[in-house]
Amino acid sequence: MPLPKAELHLHIEGTLEPELAFALAARNGITLPWTDTEALREAYRFQDLQSFLDLYYELMAVLRTEQDFADLADAYLARAAAQGVRHAEIFFDPQAHLARGVDMATVVEGLWRALGTSRERHGVSTRLILCFLRDESAASALDTLRLAEPFLDRITGVGLDSAEVGHPPAAFREVYEAAAALGLRRVAHAGEEGPPEYITEALDVLGIERVDHGLRCVEDPELVARLVRDRVPLTLCPLSNVRLRTVDTLADHPLPAMLDAGLMCTVNSDDPAYFGGYAGDNFDAVQATLGLTGERLRELARNSFLASFLEDDEELRASYLAEVEAYEFGAAVS
Ligand code: HPA
Ligand code: ZN
C-alpha cells in the first residue's frame, strides 16, 4: 500500500497522456502533427519551461467538449489513487481554452463531472484552483475571474502559472485582491525559473498562502528564514525540475537541505504526463535518489495534508493525518 498523500501542485492539462491525446483527437476529428504516440513522446525533451509550455499549449487542442475534460480528469484521478493520493488540489488554465473558443462552462462542468464523483469512484477528495496565465495581461486575468464567478461553488482558489521570467507577480495585485474578496484561496508559481524576489513579491503583494515550486528561495537566506518562521508551504515538483533543467540531476535537488532547514516542503508531480511520473513516482524517486528516510517521507505526506485547503472539512484532514501517522513503511525504506 502506498503512503497516503495529498497532491497540491498538479495541472490537469499536464496529465494528458499521449494515448488519450490521440483518442480525443480522433473523437474530435483533429489531426495531430505527430504520426503516433511514440513520435509524440519523442518531443518530450525540454530545454526549459518555455519549450515545455509550447508543447503543453499545442496539445490542448484535442480538449473540446465537457466529456473530454471529464475523461482527462477521471484518468488522472484513477492514476493518482493508485499511487496513494487521497486528496488532490487541481490547477486548470481557462485562458488557454477560452483562446481556442472553448468556454468556461465547458471546462468547469466537464472537470466537475469527474471531480464531483471522485470520492465515490476513486476515494480521492478534490479541490479546483483556477490559474491565471502570467504571460497574458492583468486585464485578461480579471476578465477570466469574472467569467468564473458563476462557478465559484466549484472553485476553491486562484493560482498564477505559465512563463515566469520577465513576468513578476505584482502586475496581478488587483485580480488577487478581487479573488480574496470573493473568498478564494491564493497560491502562485514563484521561484521555479524566476528569482527569489518573485517569491517575496508574491507573498507581499498577492498575499499567497502557499508557494508553487519556490525552489529558488534557497538563494536568499532571509527569505528562507521567513518561510520557515511563517510555515509557508512550498509545493516542490522534483521530476519536473529535472525535466525542465531547473536542477542538473535529481541527485542535485535541494529537497533534503530544504527539509533540514525547516522549510514546509511538499512533493508533487506538476505535469505528470510530460515529466515522467505521478505523485507516487516523485516520492519513490526522491526516496531512491536522495536517500530520504521513512520519517522524512512521512513528514512530506503530513505536510501535504497540513498545507491543503481542507479548512471546510477538518474532520477529513484529521482522518488523512491519522492514516499518515499509522502508515508502516516496507523493508526497502529505512
Ligand atoms: N510552470 C509554470 N507553468 C506551468 C507549468 C509549470 O511547470 N505547468 C503548466 N503550466
Ligand atoms: Zn506548475
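Structure data summary
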{"read-out": "Filter result for the condition that a residue is of a type in the set (K, R) and more than 23 Å from A279 (Cβ to Cβ), over R41, R64", "value": "R64"}
{"read-out": "Count of residues meeting criterion [among the aliphatic types (A, V, I, L, M), part of a helix (DSSP H, G or I) and surrounded by fewer than 23 Cβ atoms within 10 Å (Cβ to Cβ)] in segment 227-254", "value": "4"}
{"read-out": "Hits in segment 265-317 (condition: part of a loop (DSSP other than H, G, I, E, B), touching a residue at least 40 places away in the same chain (Cβ under 8 Å) and within 16 Å of the chain's Cα centre (by Cα))", "value": "N268, S269, D271, Y278, A307, S308, F309"}
{"read-out": "Identity of the residue in segment 65-88, touching a Ser or Thr at 6+ places or on another chain (Cβ under 6 Å) and either within 16 Å of ligand 2 (Cβ to nearest atom) or among the hydrophobic types (A, V, I, L, M, F, W, C) (or both), that ends up farthest from A114 (Cα to Cα)", "value": "A88"}
{"read-out": "Residues located in segment 195-226, provided they are touching a Lys or Arg at 6+ places or on another chain (Cβ under 7 Å) and outside any helix (DSSP H, G or I)", "value": "P195, G207, I208, E209"}
{"read-out": "Close pairs (6 angstrom Cβ cut-off, 6 or more residues apart or separate chains): farther than 19 Å from D93 by Cβ in segment 41-63, away from ligand 2 (no atom under 15 Å from the Cβ) anywhere", "value": "R41/P18"}
{"read-out": "Scope segment 161-212; condition touching a strand residue (DSSP E or B) at 6+ places or on another chain (Cβ under 6 Å), away from ligand 2 (no atom under 16 Å from the Cβ), over 26 Å from A225 (Cβ atoms) and small (G, A, S); matching residues", "value": "A179"}
{"read-out": "Lone unmet requirement of (1) within 16 Å of ligand 1 (Cβ to nearest atom); (2) under 16 Å from H11 (Cβ atoms); (3) of a type in the set (A, V, I, L, M, F, W, C) for A114", "value": "(1)"}
{"read-out": "Pairs, first touching a residue at least 12 places away in the same chain (Cβ under 8 Å) in segment 95-116, second of a type in the set (S, T, Y), C-beta under 6 Å, six or more apart", "value": "Q95/T144; A96/Y57; L115/T126"}
{"read-out": "Test: residue in segment 253-268 that is within 16 Å of ligand 1 (Cβ to nearest atom), touching a helix residue (DSSP H, G or I) at 6+ places or on another chain (Cβ under 8 Å), among the polar types (S, T, N, Q) and more than 23 Å from L55 (Cα to Cα)", "value": "yes"}
{"read-out": "Check on F151, touching a Phe, Trp or Tyr at 6+ places or on another chain (Cβ under 8 Å) and aromatic (F, W, Y)", "value": "no"}
{"read-out": "Residues that are part of a helix (DSSP H, G or I) and either farther than 15 Å from A78 by Cβ or within 16 Å of ligand 2 (Cβ to nearest atom) (or both), drawn from segment 10-22", "value": "I12, E13, G14, T15, P18, A21, F22"}
{"read-out": "E311 surrounded by fewer than 21 Cβ atoms within 10 Å (Cβ to Cβ) and over 23 Å from R185 (Cβ atoms)", "value": "no"}
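No value in this document is a laboratory result; all are computed from the given coordinates. Keep in mind the model is a prediction, meaning the values are calculated, not measured. Cβ coordinates were reconstructed from backbone atoms using ideal geometry, including for glycine residues, and neighbour counts include every protein chain displayed.
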